[in-house]
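Here's the structure we're looking at; comments come further down.
All of the numbers you see were taken from the coordinates with simple rules; none came from a lab. Bear in mind that the values here come from a model prediction, so they are computed numbers and not experimental data. All Cβ positions, glycine included, derive from the backbone under ideal geometry; neighbour counts span all protein chains shown.
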Amino acid sequence: MAALSIFCQFRLDVYKDTYLLLVKAYRRVVRGLCNEMKMDAAERLVLEMEKHGRIAHDVCVYSEIIQGHRKDMNLHRALRFFLDEVAPRRRKINRVIASSILQCLCLMGMFSEAYHLFMEFREKKVSLDRFCYNVAFDALVKLGKVEDAIKLFREMTGEQGIAPFVVNYTTLIGGCCLQGKIHDAHDLMIEMEETGKTPDTVIYNVLAGGLARNKRAQEALGTLKIMEGRGVKPTSVTHNMVIEGLIVGGKTDVAEAFYESLGHDKSRENEASMIIPDLYTYTAMINAYCRKDELKEAYALFQEMKQRRIFPDVVTYTVLLHHNPELDVKREMKALGIKRDLHYYTVLIDRQCKTGELEDAERIFCEMIESGVEPDAAPYTALIARCCRDGSIRNADIVLEEMLEKGIEP
């Protein structure tokens, strides 16, 4: 703050010959405030400097403000600053501002808006790099438009002459896998290697997980062998993505066998070679056992993870409760300081509604509201369905009316 105090004492009418030096100092002060996450002070300084005309509008400073808000995950403020201070005044936009604001929109789930803003930037001849393009690829993939993403990729590498990097291929390959376009994913992988780019752990993870999700278990496991053969060591993230993919793809038995093959058994002679499962691995396998109705094995794994001091989170407890509503875990969750989330409450409400315990479901719903968790359509829908099954149409109408008043679409 001492630097800020000294900086604010400068007057441009006195120090005209040091204008460039002052601009550099201005940028450094704003950058320092943003790095310290003092975003209010940073914005006040920028607006004050512009209000009095002390320093012209500076694209580097705008970049720092928007990036600061994004890093602080204050996405709405980043977007508001862009819309209020940058876009309407026809300020020059650089690739850092473009990339940051596009990422903010994607993080807010506004994928369509992100893509359209990207196209607007292109029309305005904003200098866009492969990072900006990658955000657009990701937005299109999230919208289920992987073909459009690949077309845009071809425009980037062709018309625009921008050399892609591995992350661009990773985004597109992941999108192809999500859409079940495994042949296209393989083609992109081959193309990338032919251009001299070496696949990294992340892209192998995406491909292996995608193959597993698409019921191509042997190809997924074969990808892990290819990784190792090329000196790329699979990580716990790799194993987690494969296990989850196998479960989603209906290959629970294969997921179980793969998990056992990783050497988690503490009786192994060479414990140094063991791959220790993490929270995500345990939760995925507990879910796998629950899906097979092997609750004894699921609970044994649950106890094992706690013995290894890998503490369950709200997702782990939700998985167990979804398949075994008789478990009393509230006290244990409270002791671990785990806050119950919307999905946790929705599972309980849905279960009580399906078993005809409407009063208990309503009690849990009220408990959820009192705890500060805002409902979405799912718990309301469960309550309405139960009321209708019980012939209580009036109560169903009351719940529906409350839902609509909160702006929640059925």
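May I ask for the Kirkwood hydrodynamic radius of the stretch 339-410, worked out over all distinct Cα pairs and given in angstroms to one decimal?
It is 12.0 Å.
Show me the ranking of peptides 176-187, 234-245 by mean Cβ neighbours inside 10 Å, starting with the highest.
Highest to lowest by the protection proxy: 234-245, 176-187.
What list of ³J(HN,Hα) couplings, whole Hz, do you get for the stretch 396-409 from phi and the Karplus terms 6.51, -1.76, 1.60, once you set θ to phi - 60° and write x for glycine and proline?
Residue by residue, the stretch 396-409 yields 4, 5, 5, 5, 5, 4, 4, 4, 5, 4, 7, x, 9, 6 Hz.
I need the Kirkwood Rh of the stretch 113-252: take the reciprocal of the average 1/r across all distinct C-alpha pairs and report it in angstrom.
One over the average 1/r among Cα pairs gives 15.6 Å for the stretch 113-252.
For a Förster distance of 35 Å, can you work out the FRET efficiency between the beta-carbons of A87 and L336, rounded to the nearest 0.05? Provide the component values of the computation, followed by the final result.
On the way: r = 45 Å, r/R0 = 1.30.
It comes to 0.15.
At a 10 angstrom cut-off on C-beta neighbours, averaged per residue, how do the peptides 394-400, 226-232 rank from highest to lowest?
394-400, 226-232
Projected onto the charge dipole of the chain (+1 at Lys/Arg Cβ, -1 at Asp/Glu Cβ, origin at the Cα centre), which of V315, L207, H76 gives the Cα projection farthest towards the positive end?
Positive-most Cα among the choices belongs to H76.
What nm distance separates the two modelled labels at E120 and E367, each placed 7 Å from Cα along Cα→Cβ?
So the label points at E120 and E367 sit 4.6 nm apart.
Using a Förster distance of 45 angstrom, determine the FRET efficiency expected from the C-beta separation of K151 and D390, and round it to 0.05.
0.30
Per-residue ellipticity at 222 nm for the chain, helices alone: DSSP H runs ≥ 4 residues times -39500 (n - 2.57), over residue total, nearest 500 deg cm²/dmol?
-21000 deg cm²/dmol
Once you have the Cα-Cα distance between E402 and A377, take 0.36 nm times their residue separation minus that, and quote the gain in nm to one decimal.
7.9 nm
Between the stretch 349-410 and the stretch 98-119, what is the C-alpha centre distance in whole Å?
Their Cα centres are 34 Å away from one another.
Which entry in (i) 23.1; (ii) 27.3; (iii) 30.3 is this structure's computed mean projected area of the Cα convex hull in nm²?
Computed from the coordinates, mean projected area of the Cα convex hull in nm² corresponds to (ii).
Please enumerate, by chain and number, the lysines with C-alpha under 29 Å from the C-alpha of K233, excluding those fewer than 8 residues away in the same chain.
Straight-line reach from K233, under 29 Å: K142, K181, K197, K215, K225, K251, K266, K306.
Out of the stretch 113-177, which trypsin sites (Lys or Arg not before Pro) are coil in DSSP terms and have no more than 12 other C-beta atoms within 10 Å?
K124, K125
How big is the charge dipole of the chain about its Cα centre, in debye rounded to the nearest 20, if each Lys and Arg gets +1 on its Cβ and each Asp and Glu gets -1 on its Cβ?
Magnitude of the dipole: close to 1560 debye.
If each residue of separation counts as 0.36 nm, what is the full-extension length gain between C60 and E219 once their alpha-carbon separation is subtracted?
Stretched out fully, the C60 to E219 stretch lengthens by 52.5 nm.
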